[in-house]
Every structure is written in structure tokens, then in C-alpha cells.
Amino acid sequence: MAPCEVRHQVEGRDDAPPLVLLNSLGAELTMWDPQATAFEGDFRLVRYDARGHGASPVPPGPYSVADLGGDLVALLDRLGIERASLCGVSLGGATALWVAAHAPERVERLVVCCSSASFDAGDAYMERAALVRAEGAEVVADAVVHRWFTPQMFEDRPQDAARMRAMIGATPAEGYAASAEAVASADLRADLASISAPTLVIAGAEDPATPPEHGRRIAAGIAGAEFAEVPGGAHLVSFERPEVVNELLRAHLRGAPEAKGAR
């Protein structure tokens, strides 16, 4: 499938090292607001809506992780970025793994958060894709948001949880369904050994979608990768526990060279 020209947003200094943030299934670029606030002074931040999400085009599916990775490489080309650090959650994490394996010259450092090299319950994702195509993403929004966050999140930050639920429900039906098919077909296990970028894998201790053992398997397959488990966080741990995740990101990305990715 030809690359898709995705909607993107660039923040921070042009002369800073590039950091690209890759969204979860059912999310658009505002899911990274807590990271943008924390890092826009230190990085050239690139956020974007994956194909089928937010304000990006919605080509007919199914999509694959390779399609999504190709979109990211094409975006880097359009922005004139030779190398960037990547941080992705869930499907965004799988996309980042694909790029690190298949276009290693484009990846400075890698962070994979609440993701998997091979997602469980592929049949369930295919069933979800069919349901969303028939009835829209709103039909799965309640179930999905309760996988994204712990019960404590709904008590402490009900407005934020409601905003994330609305974001899921507003995802274009074909975009959500085709991306769920990408999750169902993703198998990056054989790619892990070829990844050379310094890698950090983060898991939410209470993540029901990609439990910590998924992250541990990714870290075990990548030479030198580090693993961190965040307590009190579920699948969208970067949004629920940003103070912990941002500290982990800062420590890992500190080695990114100043403006090495810009040309």
C-alpha cells in the first residue's frame, strides 16, 4: 500500500534532537499532551495522527504494521529528518519496532510502551474490526477506555477519562477497523534480534491489553534493551502516569545527540 500523507504537528526547537510520538489504536495526537508539555523545550517533537485516525486520511483497509511504518518513514522524509528517536504506545509501539528493524538508519533511540511483538487474541481484534465497520467506533469506546485506564483514573481524573473515551468513539470506523486488523496480523518476533537502536520497553503493571510479560518478551529479544514496569497504570500508562513515564523517557533519551536528526 502506498504511503499515506498523515496529519502531523511539530513543536519545540528546530535545532533540537527529533522525537516522534506514535499513537495507540483509537487515539490521535492529543494523547501525548503530557509529554509535549514536558519535552517541547528539549526536543523537536513530532506528533501525528496515524492513517485512519484523527485528521489523517482514511484509506480502505486492511492495514498492516508495515503500512503504518512506511507512513512514518515518508513523514520523516517530508520533514527532512534523517534520524529520530521514536516512542510508541500499543500499535504505535509495534510500528516503532517495525521501523527500527526495517529502517534502522532512521532510528536514534527507541521506546516501546504497552505493546507487543505479537498481540494475543487476534481473532478478538478481527471481531472488533467487523463490529466497528458495521456500527462505528462508539460501540467499543466504553470497553476500550476501561482497558486504557485503571479504576483509580476514573475516580481521580474523570474529565480526562471522558475526553479519552470521546476520542475513541470519534475515530473513523474504517480507520479503526483497518488498524485493528493491523494489530491482529502483527508479528514482529523475528524482527527483534535485528534492532540495534538503544531500546527501553515500558509496561503498565495493570495493563489488561498487553500485560507486562509482553514487554518483557520484547526486551528479551532486543540486545541490551531495558525494561521498566510502571505501577498504578494500565494500557495508556503514558497518559495515566505521565510523571513516571516522563522520567523514564528523559533518562533513556538523554543520549540522543543534539540535532543529529535534522538536515
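The values are calculated or read from the model by the stated rules, or taken from the named source; none is laboratory data. This one's a predicted model, so the numbers in the text were calculated from it and none came from an experiment. Reconstructed Cβ throughout: ideal geometry from the backbone, glycine too, with neighbour counts over all protein chains shown.
For residue 195, are the conditions met, namely being under 26 Å from residue 28 (Cα atoms) and crowded, with 24+ Cβ neighbours inside 10 Å?
Numbers: under 26 Å from residue 28 (Cα atoms): no; crowded, with 24+ Cβ neighbours inside 10 Å: yes.
In short, no.
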Checklist line | Selection within the range 224-250 - touching a strand residue (DSSP E or B) at 6+ places or on another chain (Cβ under 7 Å) and part of a helix (DSSP H, G or I) | finding: 237, 238, 244, 245, 248, 249
Note to self: With the requirement that a residue be at pLDDT 95 or above and over 24 Å from residue 87 (Cβ atoms), what does the range 115-136 give you?
What the structure shows: 126, 127, 128, 129, 130, 131, 132, 133, 134, 135, 136
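Where in the range 1-114 are there strands (runs of 3 or more DSSP E), lying wholly inside it, with at least 2 residues that are within 24 Å of residue 248 (Cβ to Cβ) and under 14 Å from the mean Cα position of the chain (by Cα)?
On the way: elements: 8-11, 18-22, 44-48, 84-89, 107-113.
Where strands (runs of 3 or more DSSP E) fall fully within the range 1-114 and carry at least 2 residues being within 24 Å of residue 248 (Cβ to Cβ) and under 14 Å from the mean Cα position of the chain (by Cα), they are 18-22, 44-48, 84-89, 107-113.
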Margin query: Among the listed residues 141, 130, identify the single one that is assigned to a helix (DSSP H, G or I), at negative phi and touching a Gly at 6+ places or on another chain (Cβ under 6 Å).
Written below: 141
Notebook entry, point to check: Just a yes or no: is a residue in the range 206-222 of a type outside the set (Lys, Arg), touching an Asp or Glu at 6+ places or on another chain (Cβ under 9 Å) and farther than 23 Å from residue 98 by Cβ?
Noted result: no
Margin query: Conditions first: (1) small (Gly, Ala, Ser); (2) within 15 Å of residue 219 (Cα to Cα); (3) surrounded by fewer than 21 Cβ atoms within 10 Å (Cβ to Cβ). Residue 103 passes all but one, so which condition is the exception?
Written below: (2)
Note to self: Name the single residue that is surrounded by the most Cβ atoms within 10 Å (Cβ to Cβ) among those in the range 147-175 being part of a helix (DSSP H, G or I) and of a type in the set (Phe, Trp, Tyr).
What the structure shows: 148
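Any chance the range 74-85 includes a residue that's farther than 27 Å from residue 231 by Cα and either among the polar types (S, T, N, Q) or crowded, with 24+ Cβ neighbours inside 10 Å (or both)? Write out each step before concluding.
Taking the range 74-85 and keeping what is farther than 27 Å from residue 231 by Cα, we get 74-84.
Narrowing the set further to residues that are either among the polar types (S, T, N, Q) or crowded, with 24+ Cβ neighbours inside 10 Å (or both) leaves 84.
Checking the range 74-85: at least one residue is farther than 27 Å from residue 231 by Cα and either among the polar types (S, T, N, Q) or crowded, with 24+ Cβ neighbours inside 10 Å (or both).
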